[in-house]
Amino acid sequence: MATPARLVQLECPRCAASHWVIDSDYRGAELLGRPELSYRQRTYTCSSCHQTGEGHRVLSQSPPEFFLQPHRLYPMTADDFDYWVGVLQEHFPDHPMLAQLNREWRPGPGDESSTPPS
């Protein structure tokens, strides 16, 4: 089983431009008898120079719990959640989770105290 997806900012090894992807730290490849690749070993396409290949460096990552919100075991503060929502909206404006923003998908422990007012 893979780890939760997260937002990952990568730096292109060719042109040094950065771009965002949604990926998991651990994809579960070993469970299928394939080697588990690090981010540097994975193939990505740069959105600036359009070069496809390995060697991308991770510059920034959302917390692994970001797409799991609200979660009692892995809560996020509203400020942290809002920051990462901004990144998602800027780089992935059509992401399906955005349709659930502040309804089923919101920060907090998932109890009544974190439910936004109607």
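Every number here is computed from the coordinates shown, using simple stated rules; none is lab data. The model shown is predicted, which means the values in this text are computed figures rather than measured ones. Backbone-built Cβ (ideal geometry, glycine too); neighbour counts: all protein chains shown.
Shape analysis of the chain based on the Cα gyration tensor places the equivalent ellipsoid semi-axes at 29, 18, 11 Å, largest first. If R0 is taken as 25 Å, the Cβ-Cβ distance between R57 and I22 corresponds to a FRET efficiency of 0.90. Here the range 1-61 has an Rg and Dmax of 11.8, 34 Å, counting Cα atoms alone. Compared with the dominant principal axis of the Cα atoms in the chain, helix 78-91 is inclined by about 50°.
Of the beta bridges in the chain, as assigned by DSSP with both residues counted there, near 95 percent are antiparallel. A simple spin-label model places pseudo-atoms 7 Å from Cα toward Cβ; at T3 and C49 they are separated by 2.8 nm. Our estimate of slack between R72 and Q41, defined as 0.36 nm per intervening residue step minus the Cα-Cα distance, is 7.8 nm.
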